[in-house]
Ligand code: F6R
């Protein structure tokens, strides 16, 4: 939700800031803005509504904004509609019209996060004569910094520290003070921010892809810390204004991983990245035919002690939990609950000290998942985070981290991170069962060898994409789609349905196949598309029967079955197949045709696949 960038160096800042923002556009894309400072001159602000290209055009790709220091923002509106006035940067003084131009104020800033007590702070500032021009919480925080700056002997550190004590909520904040040319100040709580240095220059960003091209050496500024950024240097401070030392971390992702690499969209590139994402994640813990979770911090002795598992996540990551509940319970006989993080955090859950809470998150920044993790920790429960982004808040706060090795995921709709999360948790499930002795050594070996076949089988599905492309073009005009399945197939249906609706805007629902008759079947009419997922041998006939019930009411049936189940063609109008695999791991294969279907339907409808409307990739507000 919103992306921020900053640059302090010797090159022109605006083109670097625009380039960084282009890598963060997935975080929000309803407006964007820059503030750039040329030497001692006041900062100049330019804002534009809509996609980043509007800002790039307005600034002549940054050339119209001279200066080597600057901050930038791409917005996902929270407080106030998407407009030029509400777009960032915001200023501490008055502002007329669109808010672009030379800054006549002491403080100019950009912000990612939510200031929860902004109304109360706004009233306080109004009593002190501040006049507000926008509806944003960011303008409040910028003016509050200005207020404390003027009150406390004109030192940015005191003004920022005092502001951090007064505001409630989350923020990754970047500020420039007119009196302090040559410096950018940043502060952070619960919103992502990284700071990189290279060749006597310093970069700030919400996420790694924005600065990967320039540096791999990054600092992860901690919660409730602020920092002074100058070219090539960063000084970190705590809330008391005392300097603290942080060590930089080396980023391993390669720069090409954050580029489209010749594909039309990031989403299709990331679908094709899946064999590698899954393979890398598996091989990070499978050595010499055995699963070794010691690097994840889970020894077999610790696994043996686990009494139950609660998996907490949002969106697609929650769907991973839904699939894994079947796998873990069946392989290990350990009870599993799967919870939406936004529900879990507010329902006073009953937690047993011997249980393991697993939080699943690609970004590692999802606000609800982060709070769910904190809640579990507050209860003294051991936590494991399955996270893709190294150094993210969730990764830093969890007791143990299992990193998925999917590389940067840019498309808003997740694909490769989802698949890597499944792979990571399969290894957890198999090792948990092995440690608890719920299956024989020979089964253990078989499960591992089946896991190792997933990457090649995903590649095989991808080779056969033309039929799905054809099917997608035929059904791109549909208004309603239903996905049905039982067990793991139900979990896959949830993900297939989300992929469909989030990028193609076609209404779609996923149902446990046996549940359809309890109300939803009344929505089936002539030509309604029903996609049945049929990878679970024991449930196959039951789901086929449910599909046929829909057909009798006019539905057009698409079956997603495993090779060999060709009799399904007697019932379905269209069938797509995936290779056979131990059924516990079938979600990894079944999801791929559904990702392709969602993608090709969105493309056929001419939609912006990588940046669907109203969404942002990293949901840092609750
Ligand atoms: C859907 C999608 C979202 C995310 C959800 C959680 O395609 O990407 O549903 O899965 O917002 O995000 P993370 O995994 O970053 O916590």
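Each value in this text was obtained by applying a stated rule to the coordinates, not by laboratory testing. Here the structure is a predicted model, which means the values were calculated and not measured. When we count neighbours, we look across all protein chains shown, and the Cβ atoms used for this are built from the backbone with ideal geometry, even at glycine.
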Subject >> Debye intensity ratio in log₁₀ form over the Cα atoms of segment 1-123, taken at each q of 0.09, 0.12, 0.17, 0.20 Å⁻¹ >> reply: -0.21, -0.38, -0.77, -1.07
Subject >> DSSP bridge orientation in segment 465-622 - percent antiparallel, rounded to nearest 5 >> reply: 0
Subject >> Diffusion constant of segment 465-622 at 4 °C, which comes from Stokes-Einstein with the Kirkwood Cα-pair radius and 1.567 mPa s, µm²/s >> reply: 83
Subject >> Two-site label geometry, residue 548 and residue 350: point separation in nm, points 7 Å out along Cα→Cβ >> reply: 4.3
Subject >> Tensor-based shape of segment 444-487 (alpha-carbon gyration tensor, a/c under 1.5 rounded, otherwise prolate or oblate) >> reply: oblate
Subject >> 0 to 90° range, to nearest 10: angle between helix 488-504 axis and the chain longest Cα axis >> reply: 50
Original post:
Can you give me the relative contact order of segment 254-452 as a percent, contacts being Cα pairs under 8 Å and 6 or more apart?
Top reply: 29
Original post:
Between segment 389-439 and segment 531-570, what is the C-alpha centre distance in whole Å?
Top reply: 31
Subject >> Distance between segment 38-93 and segment 450-474 - C-alpha centres, whole angstrom >> reply: 43
Original post:
What base-10 log of the normalised intensity I(q)/I(0) is obtained for segment 366-509 from the Debye formula, alpha carbons as equal point scatterers, at q = 0.09, 0.12, 0.17, 0.18 Å⁻¹?
Top reply: -0.41, -0.72, -1.24, -1.30
Subject >> Hydrodynamic radius (Kirkwood) for segment 122-277, which is based on Cα pairs only, to one decimal in Å >> reply: 17.5
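Given the Cα atoms of segment 493-580, and with Rh set as the inverse mean 1/r over their pairs in the Kirkwood sense, what is Rg to Rh to two decimals?
So for segment 493-580, dividing Rg by the Kirkwood Rh gives 0.94.
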Original post:
Just how far, in whole angstrom, is segment 215-268 from segment 307-321 if you go by their alpha carbon centroids?
Top reply: 28
**OP:** Kindly express, to the nearest 10 degrees and within the range 0 to 90, the angle between helix 367-378's C-alpha long axis and the longest C-alpha principal axis of the chain.
**Re:** 80
Original post:
Can you give the Kirkwood hydrodynamic radius for segment 3-251, in Å, rounded to one decimal and based on Cα pairs?
Top reply: 17.3
Original post:
Which log10 I(q)/I(0) values, to two decimals, does the chain give at q = 0.07 Å⁻¹ under the Debye formula with one point per Cα?
Top reply: -0.46
**OP:** Evaluate the Kirkwood expression for the hydrodynamic radius of segment 225-331, namely the inverse of the mean inverse distance over all pairs of different C-alpha atoms, and round to one decimal in Å.
**Re:** 19.0
Original post:
Within segment 254-452, what percent of beta bridges assigned by DSSP are antiparallel, to the nearest 5?
Top reply: 10
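Calculate how many DSSP beta bridges within the chain are antiparallel, expressed in % of all such bridges and rounded to the nearest 5. Spell out each step's value before the answer.
Values: 64 of 105 bridges.
Antiparallel bridges make up about 60 percent of those DSSP assigns within the chain.
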**OP:** Using just the alpha carbons, could you tell me how many Å³ per residue the convex hull of segment 265-384 encloses?
**Re:** 124
